[in-house]
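Each remark here refers to the structure printed beneath this line.
The values are calculated or read from the model by the stated rules, or taken from the named source; none is laboratory data. Just so you know, these numbers come straight off a predicted model, no measurement behind them. In this analysis, Cβ positions are derived from the backbone assuming ideal geometry, glycine residues included, and neighbour counts consider all displayed protein chains. All accessible areas refer to the heavy atoms of the entire protein, side chains included, with ligands and DNA or RNA removed. Shrake-Rupley method; radii C 1.70, N 1.55, O 1.52, S 1.80 Å.
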Amino acid sequence: MRGAAGQDWKQSLRASFELVWTTVNETFYDPSFGGLDWPAVRAELDPKLEAADTPEAARDVIRAMIERLGRSHFTLITGGSAGRSWPGAAVVSIDFRMSDGGTLVTRVDPSSSAFRAGLQAGDVLLSIDGQPVPGASAPLPAGRRERLILWQDVYRRLHGAPASVVEMTRRTPHGDVETIAVQRELDRGEVVSLGNLPALPVRIDVTEARTPAGRRAGVIGFTAWMAAIAQPFADAVDRFRQADGIVLDLRGNPGGLADMIRGIAGHFVATPVLLGRVQMRGVELELRANPRRSTSDGRRVEPYGGPVALLVDDMTASASECFAGGMQSLGRVRVFGTRTAGQALPASTRQLPNGDVLMYAVGDFVTSTGARLEGVGVVPDEEIPLTPEGLAGGRDPALAAALAWLDSAANGR
């Protein structure tokens with residue numbers, strides 16, 4: 001194997017190891033490294049790098065080094081990284097979560113092959129192409145990070161070539177077990193690239209709902225904080241400007257461009273209030289809302305002033321957490337769902353000499369009230385647990401609770 005600059009793999013990975021250590025040494029937001037002796041980590045792992053006999057073994061040494069920091073957003077992105085390289089461009093069009101009951105389907109796209117095959121929210125996946133999935137025969141680990149790794153593994157297995165067929169064994173909420181065949185499909189989102197990160201599909205979903213009392217509500221969800229959603233989001237807010245309430249669905253949203261939270265928040269607050277602070281090495285940045293007072297076609301408007309509910313879960317991370325925590329601290333939203341991922345550090349990336357990419361945190365985010373989200377997450381105002389029974393029949397307990405709250409908010413309670 002040859003490195004990106006014509007070096008052999010060991011030379012290029014040695015150079016990558018040194019660049020990773022130096023990058024962290026110069027940019028980690030806490031000069032004390034939380035008590036970690038960073039030079040000692042380098043000295044300890046250097047012999048292990050020298051003894052590595054394959055490129056992947058050397059990469060494991062680099063991964064071990066950044067894992068010592070105990071923070072999110074430190075990742076070595078390679079062609080084979082979990083969650084970064086799929087076996088094909090098509091996927092089974094479902095959402096799922098790693099719950100106490102196993103690999104739980106939380107949503108099935110109603111226009112998808114999966115829906116037509118009979119897969120439904122509330123099903124628990126038992127196997128994919130004959131291979132068991134996590135939780136099928138033993139309890140899942142309790143840690144959120146461990147569950148995220150398992151989620152990535154299942155998500156990867158759902159990918160394949162367009163029109164390829166996957167066999168999935170499920171257990172329904174009624175306890176029936178059956179195997180169904182589902183065709184993989186291309187994601188309907190717009191494929192977006194950001195810097196040297198892998199491309200990902202980004203989409204926004206906008207629907208209208210009714211509260212239990214019949215009030216009109218807009219439901220807006222999007223899959224990542226990318227520039228591609230900015231105008232569609234603004235259009236959606238404009239559509240519901242006279243609605244009785246708006247629900248923002250950030251479940252499963254892993255983040256993106258952190259600075260976008262300023263503009264999105266500006267659709268709902270009328271002054272440049274402080275959402276939070278980012279503490280970087282030697283400097284502190286303030287993230288303030290940017291109130292939106294005009295539309296793209298030049299009309300004067302005021303930010304939406306009605307009640308806003310926010311849906312989150314354990315796959316809500318990064319910029320999504322900063323937005324949710326910042327708006328919650330201001331008292332501008334009420335949050336429903338399950339505790340978020342606790343991975344709320346702004347990050348950057350750097351290409352390494354061997355061609356891999358290092359993602360590394362450059363700051364620590366705290367809300368305007370001083371709440372630190374890293375390792376903690378955003379705690380919902382109303383915790384809505386995920387259960388097969390609650391999701392059966394296409395029900396969405398978190399959305400239902402949010403819509404019910406909009407009625408009480410409209411009544412002034």
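Quick notes
- Test result for Val308, surrounded by fewer than 24 Cβ atoms within 10 Å (Cβ to Cβ) and of a type in the set (Val, Ile, Thr): yes
- Look at the stretch 172-186: where a residue is under 19 Å from Ala136 (Cβ atoms) and a partner is in a strand (DSSP E or B) and charged (D, E, K, R), sitting 6+ places away or on another chain with Cβ atoms under 6 Å, you get Val177/Arg171; Thr179/Glu167; Ala181/Glu167.
- When the test is whether a residue is under 24 Å from Gly189 (Cβ atoms), touching a residue at least 60 places away in the same chain (Cβ under 8 Å) and open to solvent by less than 40 Å² (accessible area, probe 1.4 Å), Ser93 passes it.
- Enumeration of residues in the stretch 107-116 that are in a loop (DSSP other than H, G, I, E, B) and open to solvent by 10 Å² or more (accessible area, probe 1.4 Å): Asp109, Pro110, Ser111
- Exclusive hit being open to solvent by 50 Å² or more (accessible area, probe 1.4 Å), in a strand (DSSP E or B) and either on the phi > 0 side of the Ramachandran plot or of a type in the set (D, E, K, R) (or both), set Glu167, Glu146: Glu167
- Residues in the stretch 228-250 that are open to solvent by less than 10 Å² (accessible area, probe 1.4 Å), out of contact with any Leu (no Cβ under 9 Å at 6 or more places or on another chain) and outside any loop (DSSP other than H, G, I, E, B) were compared, and the one that is farthest from Asp205 (Cα to Cα) is Val237.
- Matching option when the condition is of a type in the set (D, E, K, R), touching a residue at least 60 places away in the same chain (Cβ under 8 Å) and not in a helix (DSSP H, G or I), among Arg334, Arg292: Arg334
- Of the residues Gly363, Gly370, the single one that is without any contact (Cβ under 8 Å) to a residue 40 or more places away in the chain and more than 18 Å from Phe222 (Cα to Cα) is Gly370.
- Scan of the stretch 378-390 for residues that are buried (at least 19 other Cβ atoms within 10 Å of the Cβ) and at pLDDT 95 or above, ordered by number: Val378, Pro380, Ile384
- The set of residues in the stretch 162-188 being under 24 Å from the mean Cα position of the chain (by Cα) and at pLDDT 90 or above consists of Arg184, Glu185.
- Test: Ser294 is open to solvent by 30 Å² or more (accessible area, probe 1.4 Å) and either modelled with pLDDT of 95 or more or touching a strand residue (DSSP E or B) at 6+ places or on another chain (Cβ under 9 Å) (or both): yes
- Among the residues listed as Leu119, Leu126, Leu104, the single one being more than 22 Å from the chain's Cα centre (by Cα), closer than 18 Å to Leu386 by Cα and in a strand (DSSP E or B): Leu126
- Hits in the stretch 251-266 (condition: under 16 Å from Val312 (Cα atoms) and in a loop (DSSP other than H, G, I, E, B)): Arg251, Gly252, Asn253, Pro254, Gly255
- Residues of the stretch 304-324 that are farther than 20 Å from Thr271 by Cβ, assigned to a loop (DSSP other than H, G, I, E, B) and either modelled with pLDDT of 95 or more or of a type in the set (Gly, Ala, Ser) (or both): Asp313, Thr316, Ala317, Ser318.
- Out of Val191, Val182, one residue alone is farther than 30 Å from Met359 by Cα, part of a strand (DSSP E or B) and not polar (S, T, N, Q). It is Val182.
- The residues of the stretch 29-69 that are touching a residue at least 40 places away in the same chain (Cβ under 8 Å) and within 30 Å of Val283 (Cβ to Cβ), listed by number, are Tyr29, Asp30, Pro31, Ile62, Met65, Ile66, Leu69.
- Taking the stretch 199-216 as the range and being surrounded by 13 or more Cβ atoms within 10 Å (Cβ to Cβ) and not in a strand (DSSP E or B) as the test, the residues that pass are Arg203, Thr211, Ala213, Arg215.
- Of the residues making up the stretch 318-362, those that are within 11 Å of Ser72 (Cα to Cα) and open to solvent by less than 10 Å² (accessible area, probe 1.4 Å) are Gly342, Ala344, Leu345, Ala361.
- Any hit, the stretch 134-142, residues being under 24 Å from Gly189 (Cβ atoms), open to solvent by less than 50 Å² (accessible area, probe 1.4 Å) and out of contact with any His (no Cβ under 7 Å at 6 or more places or on another chain): no
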